[in-house]
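Down below is the structure, laid out as structure tokens.
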Amino acid sequence: MPTFLSFRRAVKAHAENLGVYASLVALSCASNAASRSALGSFAGPVRANPTSAPSATAGITPVLDAGANADQSDERAVEANSSNPSIALTFEDPYPLDLRPRASNPLRAATDDEELARWNVGGTADPNYVSSQASFHPGTRVVVDAYFAGHRNAKAVPSRGLGGERVQAQTRSKGYWPFRLCFEAGQREKKGLGGETRVRFTIGTRGTVIAAHVQSSELHNAVTTACLLDQLRKLRFEPRPARARSVVASIRIWPGDADLPARSDAPPAQIETTSDFDPGAVRARLSGKRTELSACFSAARASDPNLWGRLALAIVLEADGSVHRVSEIESHFPNATAARCAAAIVSAIAFPSVNGKPFSFVAAMRLALLSSPEPNPTTIARADSAPAEPDNENDAGD
């Protein structure tokens, strides 16, 4: 729910907020020494375990192209270590409201969205919290099975050439992302519970799909079902079969445990903003309040050492750059007290005026866990993704 702060035109620091802040700083100073030894050093990127927390710098800025913002990431890592070693607090580059940047590559955009969804849920020591569950999986779940018509067991047909096992492996590995993107696009238009879609298709002698039709679908979304069918028709199978083969595919898809981040209408490569909106200058103003903001999270960490997550704030500016309203948007930070404390501090910042007019933007910060260093996987582990297809006939068990 939006948090409306008690101010009319421009929010100023109230006496009660200053009192709260002073208490938080005192508590922070008292707890820092113990926190340093108890929590250890910075962790690496996202762990393979879906219940673990992302690292301090993972996904800080939505990456638009490979290698972009590398220098900025290093700068943010230094920032995270320089102020309060027990609080890994980092800031994203601010962006205009409803104009969150996304990668131009659909697969990169989808993986970034999953990572952002994980951060938006965050984590806590509460065993009943959603991300504390062993089954927690923020991303869309996709399970694909395929078999020759009349043979429910893929191994029932010998695997030499284009056998049943190869058909299933290739349908899974080549169809996972296209099927997932179809479902996620449909979820943004019309949310559903997911379910199974069964498609019967024919593989021609050139390895292409020459015919396909939907046998049944539990998705209750005609656009998504049509997209699944269209993507399946684009699959190519190797080696080419000696004769046309009829195949049945079962595509089961369910939403993840975290809401998909809203997809903005911004151009994929970059955001066109007004000439006077300077994300760097805005971020510098936020970084200038690092000590006060860290105190908010330090106080929360005193009672919940496993607290982590993303706090995204929608900030409405007056014409002179003073703050008119602050409310949480996109994220669901697990500790409401820390979120309110941070919002109160941000509300007192004087931001640069944007063209002398009211302006709205999103400023987000991320609180990461501190833990022992771990191996750095390059991709998010997906327990429900399909195995890769065999490289050659010997791998297929011939």
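Most tightly packed first, judged by the mean number of other beta-carbon atoms within 10 Å of their residues, the peptides 177-183, 105-111, 357-363, 341-347 read 341-347, 177-183, 357-363, 105-111. In nm, give the distance between the simple-model label positions of ASP320 and ARG236, each being 7 Å from the Cα along the Cα-to-Cβ direction. The modelled label-to-label distance comes out at 6.5 nm.
Ordering ALA169, LEU228, GLY195 by Cα displacement along the dipole of the stretch 160-248 toward the positive end leaves ALA169 in first place; charges were set at the Cβ atoms of Lys, Arg (+1) and Asp, Glu (-1).
With the cut-off at 22 Å, report for the stretch 209-334 the share of all Cα pairs above it, as a whole percent. Pairs farther apart than 22 Å: 65 percent. Database remark: amide H of PHE237 closer than 5 angstrom to the amide H of THR208 (H placed geometrically; neighbours at sequence offset of 5 or more, or on other chains; Pro and chain starts carry no H). In plain terms, the chain from SER327 to VAL223 could stretch by 34.0 nm, reckoned as 0.36 nm per residue minus the Cα-Cα distance. Scalar couplings 3J(HN,Hα) for the stretch 223-239, obtained by applying the Karplus form with A = 6.51, B = -1.76, C = 1.60 to θ = phi - 60°, are 5, 5, 4, 5, 5, 4, 5, 5, 5, 5, 5, 8, 5, 10, 10, 9, x Hz; x denotes Gly and Pro. Over 32 Å between Cα atoms: which of LYS191/LYS289; LYS190/LYS357; LYS190/LYS234 fall into that group? Long pairs (Cα-Cα over 32 Å): LYS191/LYS289; LYS190/LYS357. Solvent exposure of the stretch 99-209 amounts to 41 Å² per residue of accessible area, where only protein heavy atoms count and the probe is 1.4 Å. With all protein chains in place and ligands, DNA and RNA left out, the 1.4 Å accessible area ranks TYR129, TYR176 as TYR129, TYR176, largest first.
Ranking SER322, HIS332, SER294 by Cα position along the charge dipole of the stretch 276-344, where only Lys, Arg, Asp and Glu carry charges on their C-beta atoms, puts SER294 farthest toward the positive end.
For the stretch 134-257, what ratio Rg/Rh do Cα atoms give with a Kirkwood hydrodynamic radius? Ratio of gyration radius to Kirkwood radius: 0.99. Might you work out the accessible area of LYS234 for me, using a 1.4 Å probe with all protein chains in place, and round it to the nearest 10 Å²? My reading of the accessible area for LYS234 is about 130 Å².
For the peptides 164-170, 321-327, the ranking by mean Cβ contacts within 10 Å, running from highest to lowest, is 164-170, 321-327.
Of the residues VAL143, VAL121, the one with the largest accessible area comes first in the ranking VAL143, VAL121, computed with a 1.4 Å probe on protein heavy atoms.
The values are calculated or read from the model by the stated rules, or taken from the named source; none is laboratory data. The model shown is predicted, which means the values in this text are computed figures rather than measured ones. Ideal geometry is used to build each Cβ from the backbone, glycine not excepted, and the neighbour counts take in all protein chains shown. These area figures cover heavy atoms from the full protein model, side chains too; ligands, DNA and RNA do not enter into them. Shrake-Rupley method; radii C 1.70, N 1.55, O 1.52, S 1.80 Å.
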